[in-house]
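Chemist: One structure follows; several queries about it will come next.
Rule-based calculations on the coordinates, nothing more; no lab input. If you're wondering where the values come from, they're calculated on a predicted model, not measured in any experiment. Positions of Cβ are backbone-derived with ideal geometry, glycine not excepted, and every protein chain shown enters the neighbour counts.
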Amino acid sequence: MSERAVHRGPGLFSRMFGAVLPSRRRRSRTGTPVSAPIVPAQSIAGKSLMIVIAIMSFLACLTLGAVSLVRDASLGWQADIVREITIQVRPVDGVDTAAEAAKASAIAASMPGVAQARVLEDWENAKLLEPWLGSGLDMSDLPIPHLIVVELADPDAVDLIALAARLDKEVKGASLDDHRNWTDRLKTMANATVIIGVSILGLVFIATVLSVIFATRGAMASNRDIVSVLHYVGAEASFIAREFQRHFLFLGLKGGLLGASGAAILFAILSFFIGRSIATPEGDQVSALFGRFAIGPTGYLGALVIALLIGVMTAITSRLTVYRHLASIE
């Protein structure tokens with residue numbers, strides 16, 4: 001057989017080996033024989049693989065969305081915390097705590113980069129202590145520190161060291177809390193969440209690759225005679241691999257888009273219901289943690305990218321598996 005004949009593809013082989021490969025030929029509505037693909041377009045194994053890929057894509061998109069929500073919420077918390085510091089004035093014997101608190105507030109307000117400083121009222125202090133002490137208590141007899149909330153217009157312009165030194169020198173019982181410990185904890189939590197999310201995505205991709213490898217081997221095993229005949233009569237490995245690659249690319253894209261669509265619909269539904277329950281205590285708590293539970297255009301675009309990536313990865317994996325199989329039978 002000439003090299004030109006070998007390279008002419010499935011139509012030539014279907015005509016030459018029609019008697020040997022009856023399962024690869026079917027008739028059109030007019031009765032004319034037409035060539036069929038090496039890998040059946042519809043099969044139980046193919047549908048099962050598409051379902052597995054859809055599940056993997058769904059889990060990957062859920063992980064991506066959860067990581068995006070936690071990361072955005074963490075950045076929002078950090079921005080809020082960085083723009084606010086607290087001054088605490090503890091009661092000292094023989095000292096008017098209210099006057100010292102007012103002095104501390106004036107010192108904080110005079111610092112560059114500070115928007116305003118406000119001493120919390122007694123009822124606000126009582127509200128803060130209510131979860132631990134209960135309601136209806138007379139706070140006037142308790143040695144409760146006075147709190148000053150300082151809002152920063154420009155956090156980078158505020159000299160916290162100088163402010164802490166002035167408070168320590170001029171105000172008795174005063175201490176400054178810039179919430180750095182909370183900010184560091186939030187950063188650590190956000191970084192840990194991103195690492196965990198990336199690890200889960202990696203495991204999902206590995207599981208998808210293994211599923212495709214097993215499915216490709218199964219498809220080649222069910223079409224072993226056809227693949228072997230094509231290989232032995234001179235069909236190039238690239239031609240056979242391309243047939244499998246095309247088949248699994250469509251499967252991967254269908255499964256990936258189904259899973260991504262399911263995840264996008266789930267996030268849209270959750271965002272809709274949480275947005276409607278903002279006025280309730282439960283909704284306010286969820287909103288405080290995760291905002292409106294909306295992943296935004298970037299999250300939906302990321303889900304689409306994951307679906308396309310899974311489809312391409314499925315095609316490449318099947319192609320490499322076919323090459324390895326053909327190399328083993330030479």
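Chemist: Let me know the charge dipole size of the stretch 91-172 about its Cα centre in debye, to the nearest 20, where only the beta-carbon of Lys, Arg (+1) and Asp, Glu (-1) is charged. Don't skip to the end; give the middle numbers.
Modeler: Details: 6 positive and 15 negative charges, 38 e Å.
Using Cβ point charges on Lys, Arg, Asp and Glu, the stretch 91-172 gives about 180 debye.
Chemist: Distance between Cα centroids, the stretch 312-328 to the stretch 211-277: provide it in whole Å.
Modeler: Taking the Cα centre of each part, the stretch 312-328 and the stretch 211-277 sit 13 Å apart.
Chemist: Quick one: if the Förster radius is 35 Å, what FRET efficiency do E170 and T298 give, using the C-beta to C-beta distance and rounding to 0.05?
Modeler: Efficiency, rounded to the nearest 0.05: 0.15.
Chemist: Once you have the Cα-Cα distance between A109 and R180, take 0.36 nm times their residue separation minus that, and quote the gain in nm to one decimal. List each step's numbers first, then the result.
Modeler: Values: separation 71, 0.36 × 71 = 25.56 nm, distance 2.03 nm.
Extra length from A109 to R180 when fully extended: 23.5 nm.
Chemist: Add +1 for every Lys or Arg and -1 for every Asp or Glu among the other residues with Cβ under 11 Å from the Cβ of E170, and state the total. Numbers along the way, then the final one.
Modeler: Numbers: positive: K103, R166, K169, K172; negative: E100, D168.
That works out to +2.
Chemist: Multiply the residue gap between L210 and R242 by 0.36 nm, knock off their C-alpha separation, and tell me the result in nm, one decimal place.
Modeler: Numbers: separation 32, 0.36 × 32 = 11.52 nm, distance 1.94 nm.
That pair, L210 and R242, stretches by 9.6 nm at full extension.
Chemist: So, one more: For the pair W123/V305, report the inter-label distance in nm, with labels modelled 7 Å from Cα in the Cβ direction.
Modeler: Output for this residue pair reads 5.0 nm.
Chemist: Right, here's the next one. At K187 and Y323, where each label point lies 7 Å from the Cα along Cα→Cβ, what is the point-to-point distance in nanometres?
Modeler: Taking the simple label geometry, K187 and Y323 are separated by 4.4 nm.
Chemist: Ok, one more. Sort 183-191, 144-152, 59-67, 106-114 by packing, meaning the average of other beta carbons within 10 Å per residue, with the highest value first.
Modeler: Values: 183-191: 13.9, 144-152: 19.8, 59-67: 22.6, 106-114: 16.3.
The packing order, highest mean first, is 59-67, 144-152, 106-114, 183-191.
Chemist: Run the quick spin-label model on V312 and L160: label points 7 Å from Cα toward the beta carbon, then report their separation in nm to one decimal.
Modeler: Each label point lies 7 Å from its Cα, and together they span 4.3 nm.
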